[in-house]
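Engineer: Attaching a single structure in structure tokens format; questions to follow.
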Amino acid sequence: MSSLRFNRGQVAATVLTVALGVAMVAQVRNADEAGLGQLRQSELVALLDNASTRVDALQREVVNLEGDRDRLRGQQGDEAAAAAAKQRLASYEILAGTVPVEGQGITVFVNDAGAAVTQTMMLDAIQELRDAGAEAIAIGSVRVVASSYVGTTADGRLLLDGKVIEAPYRIVAIGESHTLAGAMAIPGGFSDSLRGAGATVNIVENPELRIDAVTKPQDARFAQPVPATPAP
């Protein structure tokens with residue numbers, strides 16, 4: 001009888017735990033649905049496309065890395081290692097902005113006759129494009145890289161890496177064009193902020209773009225690579 005009572009106690013505890021878990025999941029799901037319920041259909045489609053594109057990109061990256069691993073383990077390890085290193089170098093050159101690039105992407109035209117675009121707005125544009133997967137960005141004749149910064153002159157004109165950028169602004173970003181265009185159209189984002197301030201924004205998806213602007217990498221003054229730790 002004591003064993004039977006103990007088993008019933010276990011069953012009761014399990015049922016309560018499961019019920020609590022179901023209630024918590026339902027509460028979180030309802031909260032998510034309430035938040036998404038405030039978005040328009042076009043906004044939901046843009047968010048879904050963005051998420052699907054990022055998942056596809058990550059899956060391709062996994063396949064590529066697994067392929068590199070298999071080639072390095074094979075008989076042609078030296079040749080595969082050299083090819084992989086060359087491919088990585090090309091990627092790093094693109095990210096560092098030291099080479100011209102081409103590919104699909106978007107062009108954002110901003111007409112700012114009233115000087116409404118602020119330093120913060122331009123930073124938001126750069127961040128939104130990066131978050132959407134832009135692999136290369138240029139504003140006017142200036143290439144945007146990891147160390148880029150936006151400032152202002154004494155009379156309020158915008159500076160990008162110390163160079164004046166004049167309106168109308170032309171922002172070019174290379175990456176998956178539909179995803180980048182959707183990121184620029186997110187409610188409350190860059191485009192909405194500019195239109196609310198009186199500027200006009202036109203976003204064009206391009207099957208082929210070219211960015212010729214390059215930057216010269218600067219030698220690090222303070223940061224130094226950590227020496228490799230010998231394998232045990």
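Engineer: Would you pick out the residues in region 160-178 that are of a type outside the set (Ser, Thr, Tyr) and under 19 Å from the mean Cα position of the chain (by Cα)?
Structural biologist: Correct list: Ile171, Val172, Ala173, Ile174, Gly175, Glu176, His178.
Engineer: Also, quick follow-up: Give the residues of region 157-177 that are open to solvent by 50 Å² or more (accessible area, probe 1.4 Å) and touching a residue at least 60 places away in the same chain (Cβ under 8 Å), sorted by residue number. Even if it seems obvious, please write down each step before you answer.
Structural biologist: We begin by selecting, within region 157-177, every residue open to solvent by 50 Å² or more (accessible area, probe 1.4 Å); these are 157, 163-164, 166, 168, 170, 176.
Scanning region 157-177 gives Arg170, Glu176.
Engineer: Can you tell me which residue among Ala185, Ala181 is within 15 Å of the chain's Cα centre (by Cα), surrounded by 19 or more Cβ atoms within 10 Å (Cβ to Cβ) and under 18 Å from Ala46 (Cα atoms)? Give the steps one after another, and end with the answer.
Structural biologist: Details: Ala185 fails: surrounded by 19 or more Cβ atoms within 10 Å (Cβ to Cβ).
One residue alone meets the criteria, Ala181.
Engineer: Further, regarding this structure: Taking region 132-156 as the search range and keeping residues that are open to solvent by 90 Å² or more (accessible area, probe 1.4 Å) and touching a residue at least 40 places away in the same chain (Cβ under 8 Å), which one is farthest from Ala57 (Cα to Cα)?
Structural biologist: Quick first cut of region 132-156, residues open to solvent by 90 Å² or more (accessible area, probe 1.4 Å) only: 135, 141, 146-147, 149, 154-155.
Okay, now just the ones that are also touching a residue at least 40 places away in the same chain (Cβ under 8 Å), so 135, 141, 146-147.
Working: Glu135: 12, Ser141: 29, Ala146: 21, Ser147: 25 Å.
Checking each candidate, the answer is Ser141.
Each row is one residue, and each column tells you yes or no for (1) within 25 Å of Ala113 (Cβ to Cβ); (2) out of contact with any Gly (no Cβ under 8 Å at 6 or more places or on another chain); (3) assigned to a loop (DSSP other than H, G, I, E, B).
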| position | (1), (2), (3) |
| --- | --- |
| Arg130 | no, yes, no |
| Ala134 | no, no, yes |
| Ala138 | yes, yes, no |
| His178 | no, yes, no |
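Engineer: So is Glu135 of a type in the set (Asp, Glu), under 20 Å from Glu205 (Cβ atoms) and out of contact with any strand residue (DSSP E or B) (no Cβ under 7 Å at 6 or more places or on another chain) or not?
Structural biologist: Working: of a type in the set (Asp, Glu): yes; under 20 Å from Glu205 (Cβ atoms): yes; out of contact with any strand residue (DSSP E or B) (no Cβ under 7 Å at 6 or more places or on another chain): no.
When the stated conditions are applied, Glu135 does not pass them.
Engineer: Can I ask one more? Considering (1) open to solvent by 20 Å² or more (accessible area, probe 1.4 Å); (2) closer than 21 Å to Thr215 by Cβ, say which one Gly105 fails and leave the rest.
Structural biologist: Gly105 satisfies every listed condition except (1).
Engineer: Search region 192-212 for residues being over 14 Å from Ile126 (Cβ atoms) and either part of a loop (DSSP other than H, G, I, E, B) or among the polar types (S, T, N, Q) (or both), and hand back the single one that is least open to solvent (accessible area, probe 1.4 Å).
Structural biologist: Filtering region 192-212 for residues that are over 14 Å from Ile126 (Cβ atoms) and either part of a loop (DSSP other than H, G, I, E, B) or among the polar types (S, T, N, Q) (or both), the one least open to solvent (accessible area, probe 1.4 Å) comes out as Ala199.
The values are calculated or read from the model by the stated rules, or taken from the named source; none is laboratory data. As the structure is a prediction and not an experimental result, all values here were calculated from the model. Every residue, glycine as well, gets a Cβ built from its backbone with ideal geometry; the counts of neighbours run over all protein chains shown. In case anyone asks, the SASA skips ligands and DNA or RNA and just uses the protein heavy atoms, side chains included. Shrake-Rupley method; radii C 1.70, N 1.55, O 1.52, S 1.80 Å.
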